[in-house]
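Taking it in order: structure first as structure tokens, then the write-up.
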Amino acid sequence: MSGTLHPLLEEALKAHGGHDRWRKFRGIASTILTGGKLWELKGAPLIPVPRRATSEFLRQWTRVTPFGEPDWTMTWTPEHVEITAGDGSIVAERNNGREAFDRSFNGQWDPLNLAYFNGYAMWTYHATPFVFGEPGYEARDVTPIETEGERLRGVAVRFPESVHSHTREQRFYFGVDGLLRRHDYTVDVWADTPAAHFISDYVDVDGLKYPTRRSVYALRPDGTLDRDFNAVTIELSDYALF
């Protein structure tokens with residue numbers, strides 16, 4: 001673990017199974033079932049079928065299959081995103097995918113926009129909070145919040161400039177048990193929309209704790225949840241470290 005870790009993050013990483021143990025693995029795969037209102041809004045509706053999402057930890061790389069057609073796969077890195085068919089042929093590809101979004105609230109996404117967003121989002125969810133033990137992540141205290149009657153302690157984490165995620169600085173809130181309960185951020189590629197992301201129903205995966213439910217709501221300008229806009233839901237299962 002690099003340098004001096006923020007005390008809350010040190011506690012949290014230990015509660016999730018430990019940075020040292022996480023470091024023994026190259027990455028993780030999970031089966032995801034995704035829903036929510038975001039996809040229809042962006043003109044990129046998702047068929048509710050199980051998909052396999054695989055991410056490396058120390059390299060930003062994510063693969064999701066199926067994607068679009070039953071035999072298609074998407075592969076994402078910050079520099080390049082592509083969709084390939086079952087025979088290995090390239091269906092579509094793009095360099096510098098972050099620059100290709102219509103960033104307005106109602107702007108439409110093409111399949112490569114969707115692939116880029118899916119790629120960095122799943123990498124973020126597969127890698128955090130463990131990756132905060134790596135060099136380049138900076139943390140500071142934020143005011144605790146109350147969520148569903150539970151007081152959550154929080155930190156604002158500033159990601160390295162080279163790491164592609166929702167935005168540079170994101171907030172992470174932990175329960176009394178040290179497990180991540182809530183993750184707040186703005187979405188750069190979606191009109192800087194503020195979101196509150198709830199994480200729950202943890203399972204043990206070879207000694208590491210991972211959630212099986214994620215639910216993201218848009219936030220109103222006053223910071224309250226817009227319960228009418230459940231932007232994204234993810235059910236996760238069949239985790240496998242490698």
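The values are calculated or read from the model by the stated rules, or taken from the named source; none is laboratory data. From a predicted model like this one, the values you see are computed outputs, not experimental measurements. Cβ placement follows ideal geometry from the backbone for every residue including glycine, while neighbour counts extend to all protein chains displayed. All accessible areas refer to the heavy atoms of the entire protein, side chains included, with ligands and DNA or RNA removed. Shrake-Rupley method; radii C 1.70, N 1.55, O 1.52, S 1.80 Å.
General remarks:
- Where strands (runs of 3 or more DSSP E) fall entirely within the range 128-242, those with at least 2 residues that are under 19 Å from Gly27 (Cα atoms) and not aliphatic (A, V, I, L, M) are at 193-205, 208-219, 225-241.
- Strands (runs of 3 or more DSSP E) wholly inside the range 19-89 that include at least 2 residues being surrounded by fewer than 16 Cβ atoms within 10 Å (Cβ to Cβ) and not β-branched (Val, Ile, Thr): 27-35
- For Arg140, the test of being open to solvent by 30 Å² or more (accessible area, probe 1.4 Å) and over 30 Å from Val49 (Cα atoms) is passed.
- Among residues of the range 155-182, those that are touching a Lys or Arg at 6+ places or on another chain (Cβ under 7 Å), crowded, with 18+ Cβ neighbours inside 10 Å, closer than 20 Å to Met122 by Cβ and touching a residue at least 40 places away in the same chain (Cβ under 8 Å), counted: 1
- Selection over the range 90-124 of residues that are aliphatic (A, V, I, L, M) and not in a strand (DSSP E or B) gives a count of 6.
- Residue check: Leu219 meets all listed conditions (1) in contact with a Lys or Arg (Cβ under 7 Å, 6 or more places away or on another chain); (2) open to solvent by 10 Å² or more (accessible area, probe 1.4 Å) but one, namely (1).
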